[in-house]
Amino acid sequence: LQEWTAALRDAGHSPLWVQLTVVPVALGCTGLLVWLVVFPLFVHRLRPAAVGPAARAQARDVADAIALPAYQRIGVAIENDPADTTTLQHAVELARHHKAELVLLHVVEGVGGQWYGRETADTESRSDAAYVDQLAEALRSRGVAARGVLRFGSPPAELVKAIRDEKIDFMVLGAHGHGFWADRLFGQTIDTIRHAVSIPVLAVREPPRKDV
């Protein structure tokens with residue numbers, strides 16, 4: 001305390017800048033340390049961990065409460081890219097298992113799609129539209145109830161809107177592992193969607209190739 005008093009005295013005739021910067025930071029750090037010490041003890045008392053027979057009984061109760069989910073519409077985000085194969089492998093199997101409709105979602109994110117939406121007629125939008133339609137047709141020929149939905153704009157925002165508009169109750173996304181900086185440059189689509197919707201979201205990543 002004496003050191004703090006001396007520091008404020010040595011700051012000159014107007015130590016206001018010290019009081020407005022250093023003092024709040026010091027108080028915040030003190031509060032954080034108190035919270036880190038007290039909060040775990042408080043939570044532990046509120047929810048004591050089950051041990052012995054109580055733990056076994058709790059495990060049985062959890063297992064008995066499991067109910068198999070039933071999904072009617074499964075959405076899958078596709079990118080007009082060969083990597084779609086990995087994402088679709090999981091989405092198609094889920095759709096078949098649940099006898100659900102598979103909704104193929106693609107967002108045209110080029111300049112034309114961003115500015116003109118559905119009115120754009122550039123090469124990218126035409127290529128994407130043809131890809132979605134042909135992929136849905138190919139899946140239907142293999143016994144999968146699939147249909148394509150084309151959106152325009154920012155992929156994270158449009159996918160969230162599509163999930164709500166199409167009443168999708170399970171979403172499959174491709175996680176291609178672009179890396180730390182690329183994820184921040186192009187946007188973390190998975191995290192944005194996961195926090196914005198209340199349905200299960202499955203992130204699928206292509207397994208690493210094994211050297212022969």
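A few notes on this one:
- Criterion violated by Met171 - all others in (1) in contact with a helix residue (DSSP H, G or I) (Cβ under 8 Å, 6 or more places away or on another chain); (2) open to solvent by less than 90 Å² (accessible area, probe 1.4 Å); (3) within 19 Å of Glu206 (Cβ to Cβ); (4) at pLDDT below 95 satisfied: (4)
- Residues that are assigned to a helix (DSSP H, G or I), at pLDDT below 85 and open to solvent by 30 Å² or more (accessible area, probe 1.4 Å) within the range 119-136 comprise Glu119, Thr123, Glu124, listed in sequence order.
- Helices (runs of 4 or more DSSP H) fully within the range 1-83 that include at least 2 residues being surrounded by fewer than 10 Cβ atoms within 10 Å (Cβ to Cβ) and modelled with pLDDT under 75: 2-10, 16-46.
- Subset of the range 137-173 (residues that are in a loop (DSSP other than H, G, I, E, B) and among the hydrophobic types (A, V, I, L, M, F, W, C)): Val144, Ala145, Ile168
The values are calculated or read from the model by the stated rules, or taken from the named source; none is laboratory data. Just so we're clear, the structure is a prediction, and the values are computed from it rather than from any experiment. No Cβ is skipped: glycine too gets one built from the backbone with ideal geometry, and neighbour counts run over all protein chains shown. Keep in mind that these areas ignore ligands, DNA and RNA; they rest on the heavy atoms of the full protein, side chains included. Shrake-Rupley method; radii C 1.70, N 1.55, O 1.52, S 1.80 Å.
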